[in-house]
Each structure stands twice: as structure tokens, then as C-alpha cells.
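Engineer: Structure provided below as C-alpha cells; questions to follow.
Taken together, the values in this text are just the output of simple stated rules run on the coordinates, not laboratory data. Nothing here was measured: the structure is a model prediction, and the numbers come from that model. Positions of Cβ are generated from backbone atoms using ideal geometry, with glycine treated the same way; all protein chains shown enter the neighbour counts.
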Amino acid sequence: MDPRSQVLLRNIELFNGNVLLAGLPADELLSELPNAQGWSWHAGEHQQLSQRFPGRCIFSTQLPTAEYAVGVLFLPKSRELTEYLLQELAAKLPSGLLFLVGEKRAGAERAAKQLATFGRASKVDSARHCQLWRCEVSNRPEAPDLAALSKVFTVSAAGQAIQVHSVPGVFSHGRLDLGTKLLLESLENLPAGHYLDFGCGAGVVGSFLKTCYPEAEVSMLDVDAFAVYSSQLTLAANHLQAATLAGDGIHAAPKELAAIISNPPFHQGVHTQYETTETLLSEAAKHLKIGGELRIVANSFLKYPPLIEQYLGPCTVLAERDGFKVYRAVRS
Ligand SMILES: C[S@@+](CC[C@H](N)C(=O)[O-])C[C@H]1O[C@@H](n2cnc3c(N)ncnc32)[C@H](O)[C@@H]1O
């Protein structure tokens with residue numbers, strides 16, 4: 001059981017009613033709180049929860065409409081996302097009774113200050129390296145408009161320019177990542193067909209692909225509902241058409257692809273996570289047609305080439321700068 005869930009269960013008398021658990025982990029908490037509902041924006045966790053607890057968890061960027069007695073926010077990594085989620089809950093929870101639970105090292109103390117902008121916040125418990133805070137909303141805010149919270153910036157590379165809309169919580173919010181920049185400069189001479197932007201974030205790579213290769217079919221996949229929404233905003237802002245998919249890992253991707261292009265995930269939450277990228281490298285061949293290409297950018301110190309060679313074939317370095325390398329391999 002996630003330590004944050006353990007802290008809620010130490011105070012179970014507070015959460016026996018019709019509780020909304022926002023950003024809950026994919027553990028057994030819903031079985032201990034039979035009247036609770038989950039709200040997740042992580043496609044993998046949502047899928048696991050929906051399989052174990054059918055009908056009890058929704059996947060969305062917005063608070064599900066229902067009469068919850070209490071709302072609990074599991075602290076996300078991003079400060080901006082915390083601000084959006086707290087405002088969404090404080091504006092829309094009819095009861096106005098809001099809890100926040102988070103690991104201390106994830107910034108629970110700092111988030112409690114954000115919570116306190118909506119009413120008096122008090123610490124209820126501190127255990128398992130986590131804190132639980134309570135707030136009765138007295139200063140009810142307007143419901144936030146997620147699209148209006150986008151940071152908008154222009155990205156230029158390879159003679160093309162696109163406007164990117166990133167919403168809170170999305171990777172490299174409001175600015176172009178240096179690794180992504182190098183990848184955008186390494187997109188020449190792709191084989192014709194269907195391209196996948198794996199881990200699309202704000203949709204920079206997929207929108208660029210569609211701009212440079214207007215004839216290509218482009219799909220953009222991310223595990224995070226906020227990233228998928230951002231990508232949709234970015235596509236619309238540039239009058240581009242592409243499929244956006246919410247899914248966990250390469251298994252959720254289409255097959256017979258002409259290219260998989262990615263700045264794959266390296267960090268997740270406060271824990272480092274390589275698994276998604278290792279699975280991407282080991283399974284890419286199953287999703288590429290013969291002659292299809294994998295092109296990824298990664299920190300130079302990450303040992304991806306041996307994995308790429310093991311599962312796909314010879315790996316070449318297309319570009320190198322600022323501590324990043326772009327790798328290319330072709331399915332034979
Ligand atoms: C390094 S960011 C790159 C974002 C974007 N392509 C860019 O270059 O700005 C990696 C992205 O992978 C996504 N991601 C993490 N785990 C994933 C998974 N299991 N399946 C799909 N996407 C995932 C993250 O949400 C994040 O948007």
C-alpha cells in the first residue's frame with residue numbers, strides 16, 4: 001500500500017463517506033474505502049484501478065461532477081498542477097472540505113501553503129514520511145479554465161515554426177527542452193507512412209512531424225491526460241490533424257509504424273523510472289514495419305545503445321549536443 005494511502009487509513013473515520021480521491025495511486029485503498037471514488041489522470045494507474053474496481057475511477061483533466069462529501073488530493077509532482085487541482089477542487093466540491101496528502105520530500109509542506117489560500121489549513125497527521133492536511137474552503141475560487149492556464153511559446157527548427165501550448169504539469173512546461181530541440185533538428189529523411197510521437201507531452205514533436213511531413217499519418221501517445229490535452233491544444237493552434245492517444249507504454253501504440261520518434265521518459269514523480277523506456281526499446285520492433293525507424297533523444301550518459309542493438313539492430317548517433325544524443329536504428 002502506498003504510504004499516502006496508509007496515512008489516510010490511519011485516519012479512516014474521516015474518509016468513510018462519499019470521498020473523492022484525486023490522483024490516487026493504483027493500490028488497494030478503494031477496497032478499504034468502499035464509498036470512495038477515484039479521479040486519475042494517469043492512464044496506466046487508471047486502467048489498473050478500473051480492472052480491480054470497475055466503475056469506481058474516472059480518467060480526466062477535470063473534476064468529475066458528483067456530490068462528494070470530501071475531496072482528497074494526492075500531491076502531484078508539479079507545483080503548477082497542484083495549484084490547478086486545488087483550485088478545481090476548492091471551486092467545485094460542494095462541501096468545501098478538502099484534504100491534501102503527500103510525501104514530505106515531494107513538497108507537502110509547500111503544498112499546504114497553496115492549500116491555505118482557500119481557507120485555514122491544519123495538519124491532521126504526519127507519518128510514513130507523509131503529511132495529511134485539512135482545509136475547510138472559506139475563500140471559494142472561480143473554477144479554473146485549464147486551456148487559459150497554458151503557457152504558449154514558439155518553437156523553430158529545420159525552417160519550420162510551431163506554437164506550443166503547454167498546460168500545468170506537462171513536461172518542460174512553457175519552454176523547449178534541449179533534448180527535444182536536438183531531436184527536432186534530426187527528423188530528416190524519415191521513411192513514408194505512419195509516425196508515432198511516443199510520450200508526446202505538449203505535442204511538440206508530433207506537431208513538428210505533421211508540419212514537416214504533411215502527407216504522413218501521425219499518432220501522439222502519452223500516459224498523462226494533461227499531456228494529451230496539451231497536445232490537442234497544440235495541434236489545434238497550428239491547424240494540424242493527428243490522433244492523440246492516452247495509454248501506458250508502447251503496448252498502447254499502433255502497429256506497422258514507419259517511425260517511432262521520442263524524447264522518452266526518464267524521471268517519473270520523485271522516483272527515477274527507466275522501465276517505460278526499456279520496454280519501448282525492447283518492443284519497438286513489434287510496432288515498426290520492416291524498414292521502419294526508431295529515433296530517440298536521450299541524455300548521453302544513459303546506456304540505451306546496447307539495448308537498441310540487442311532488440312532492433314545497429315544503432316547510430318545522428319546528432320550530439322548539450323549532453324544529449326539522438327539515436328537511430330532501423331527494423332530489418
Ligand atoms: C521527456 S518527456 C517528452 C515530452 C515531449 N515529447 C517533449 O519532447 O517535450 C516524456 C513524456 O513521456 C510521458 N510518459 C511517461 N511514462 C509514459 C508511459 N508509460 N507511456 C506513455 N508516455 C509516458 C510523460 O508523461 C512525458 O510527457
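Engineer: With axes computed from alpha carbons, what is the tilt in degrees of helix 79-92 against the longest principal axis of the chain, rounded to the nearest 10 within 0 to 90?
Structural biologist: That works out to roughly 50 degrees.
Engineer: Something else: Can you list the GluC sites (Glu not before Pro) in the range 69-165 that are in a DSSP coil and have 12 or fewer other beta carbons within 10 angstrom?
Structural biologist: Listed in order of number, the matching sites are 142.
Engineer: Classify the range 3-136: rounded, prolate or oblate, from the alpha-carbon gyration tensor (a ≥ b ≥ c, eigenvalue square roots; a/c under 1.5 rounded; otherwise prolate if a/b is larger than b/c)?
Structural biologist: rounded
Engineer: According to the square roots a ≥ b ≥ c of the eigenvalues of the Cα gyration tensor, what is the shape class of the range 147-330, taking rounded for a/c under 1.5, prolate for a/b larger than b/c otherwise, and oblate for the remainder?
Structural biologist: Verdict is rounded for the range 147-330.
Engineer: Another question about this same structure. Counting other Cβ atoms within 10 Å of each Cβ, which trypsin sites (Lys or Arg not before Pro) in the range 137-234 have at most 15 and sit in a DSSP loop?
Structural biologist: Listed in order of number, the matching sites are 175.
Engineer: Ok, one more. What would the Debye equation give as log₁₀ I(q)/I(0) for the chain at q = 0.07 Å⁻¹, counting only Cα atoms as equal point scatterers?
Structural biologist: Taking Cα atoms of the chain as identical point scatterers yields -0.31.
Engineer: Continuing with this model, one more query. Calculate, for residue 16 and residue 151, the FRET efficiency according to 1/(1 + (r/R0)^6) with r their C-beta to C-beta distance and R0 35 Å; round to the nearest 0.05.
Structural biologist: 0.30
Engineer: If you don't mind, another one. Any chance you could give the angle, 0 to 90 degrees and rounded to 10, that helix 43-52 forms with the longest Cα principal axis of the chain?
Structural biologist: Taking Cα atoms only, the helix is inclined about 60 degrees.
Engineer: Between 236, 285, 225, find the one with the highest GNM mean-square fluctuation for the chain; connect C-alpha pairs within less than 10 Å.
Structural biologist: The residue that fluctuates most here is 236.
Engineer: Report, to the nearest 10°, how far helix 275-287 tilts away from the longest principal axis of the Cα atoms in the chain, using its own Cα long axis and a range of 0 to 90°.
Structural biologist: It works out to around 40 degrees.
Engineer: Shape of the range 223-267 from its Cα gyration tensor (a ≥ b ≥ c, root eigenvalues): rounded if a/c is under 1.5, otherwise prolate when a/b > b/c, or oblate?
Structural biologist: oblate
Engineer: Then there's this: Given only helices, namely DSSP H runs of n ≥ 4 each adding -39500 (n - 2.57), what is the per-residue ellipticity at 222 nm of the chain, to the nearest 500 deg cm²/dmol?
Structural biologist: Mean residue ellipticity at 222 nm (helix-derived): -8000 deg cm²/dmol.
Engineer: List the residues, sorted by chain then number, that are 5 or more residues from residue 28 or on another chain and whose placed amide H is less than 5 Å from its amide H.
Structural biologist: 2
Engineer: Applying the Karplus parametrisation 6.51 cos²θ - 1.76 cosθ + 1.60 with θ = phi - 60° to the phi angles of the range 115-129, what ³J(HN,Hα) value in whole Hz is obtained for each residue in order, glycine and proline being reported as x?
Structural biologist: Those phi angles translate into 4, 5, 6, 9, x, 5, 9, 9, 7, 9, 7, 8, 6, 6, 6 Hz.
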